[in-house]
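The values are calculated or read from the model by the stated rules, or taken from the named source; none is laboratory data. All values reported here derive from a predicted model rather than from experimental measurement. Heads up, the Cβs are rebuilt from the backbone with ideal geometry, glycines too, and the neighbour counts pull from every protein chain shown. For accessibility, only protein heavy atoms count, side chains too; no ligands or nucleic acids. Shrake-Rupley method; radii C 1.70, N 1.55, O 1.52, S 1.80 Å.
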Amino acid sequence: MNYSQQLTIIKSLIPNTDVDTRMDCPFCHNTNTLTIKKNNADLMWYCFHASCSAKGNHQDEVTMQQVYETVVAKRKEKEKPFVLPSSFISIHSEPKCVEYLKKNNCIKAKEKEKVSFMYDVKQHRIVFLIKEKEKLRGAIGRGLNSNVYPKWYIYGDKSYPFICGNKDKAILVEDCASACAVSHLYSGVALMGTSLPDSFIPVIRKKYKEVIVALDRDATTKSFDISNKLRYYIPTKVKMLQDDLKYFNEQQIESILQ
Ligand SMILES: [Zn+2]
């Protein structure tokens, strides 16, 4: 059944309010395999049955209120470009920076990918710069010893992810160092935690053809929550890890992710 036929049927199944529901699939007739989510103007559906290809997403025309909110939000975003704090200096001024990059398998990414690191002398952090193409969007710093709290700190705009690598398959990992460690195989996207901020979804959707969610075994439920959010748009797999990918070298990561 094609997209618009599916859409017509899906619309007939739900009320005109926001929904997040699961039901028997009208396309493959399996029990409780179809999820439907409607949130404002966004309608998404997905059937979990292996034999069924029912899935899609649809955006209704937006209301004036939504247009206004988007325009205002965009303008605000433009008003505040990220300016490098004056406390950011070269990583070569603090030996612990290079030590950190080596220990966490980021050195190769530094050499091969367009990724920039700095040292925040004020907060004693190694800083991963967040860029969208060439534009600076923000920065994320990791404390260089255990007295620095919190361990990770996000400077400025939190709406755009730190990404390392230029592949068309993305892997969602917990932090920036792991994103760098996997960049020979995938584009590493740092979640900075174990959940997916809504603002990352359009970025991931636009840039990638496939996604792997690779989090710690302890975060299994959250991994599936993330993949449930993304699979409406992109083929998404979950990979459970014994340990963070930043602790492994390129060859080890290849065998873990196989
Ligand atoms: Zn189905």
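Consider segment 201-249 and keep the residues that are assigned to a strand (DSSP E or B) and among the charged types (D, E, K, R). The one that is nearest to ASP175 (Cα to Cα) is ASP216. Which members of segment 51-71 meet the condition of being within 17 Å of ASP18 (Cβ to Cβ) and not in a helix (DSSP H, G or I)? Once the filter is applied, which keeps residues that are within 17 Å of ASP18 (Cβ to Cβ) and not in a helix (DSSP H, G or I), segment 51-71 yields ASN57, HIS58, GLN59, ASP60, GLU61, VAL62, THR63.
Looking only at segment 93-107, decide whether some residue is more than 15 Å from the ligand (Cβ to nearest atom), touching a His at 6+ places or on another chain (Cβ under 9 Å) and assigned to a helix (DSSP H, G or I). Even if it seems obvious, please write down each step before you answer.
Pass one, segment 93-107, residues more than 15 Å from the ligand (Cβ to nearest atom): 93-107.
Right, trim to touching a His at 6+ places or on another chain (Cβ under 9 Å) and you get 94, 96, 98.
Those still in the list that are assigned to a helix (DSSP H, G or I) too: 96, 98.
Within segment 93-107 (the criterion being more than 15 Å from the ligand (Cβ to nearest atom), touching a His at 6+ places or on another chain (Cβ under 9 Å) and assigned to a helix (DSSP H, G or I)), the answer is yes, since at least one residue qualifies.
May I ask you to say which residue of ASN105, ASN40, ASN57 is open to solvent by 90 Å² or more (accessible area, probe 1.4 Å), under 24 Å from the mean Cα position of the chain (by Cα) and not hydrophobic (A, V, I, L, M, F, W, C)? From the options ASN105, ASN40, ASN57, the qualifying one is ASN40.
Determine whether SER116 is farther than 30 Å from LYS11 by Cβ and over 21 Å from the mean Cα position of the chain (by Cα).
On the way: farther than 30 Å from LYS11 by Cβ: yes; over 21 Å from the mean Cα position of the chain (by Cα): no.
Criteria not met by SER116.
Within segment 167-183, the set of residues being under 9 Å from ILE212 (Cβ atoms) and surrounded by fewer than 24 Cβ atoms within 10 Å (Cβ to Cβ) comprises just one member, LYS169. Set side by side, the residues LYS206, LYS229 differ, and just one is within 15 Å of the chain's Cα centre (by Cα), buried (at least 18 other Cβ atoms within 10 Å of the Cβ) and within 24 Å of LEU7 (Cα to Cα), which is LYS229.
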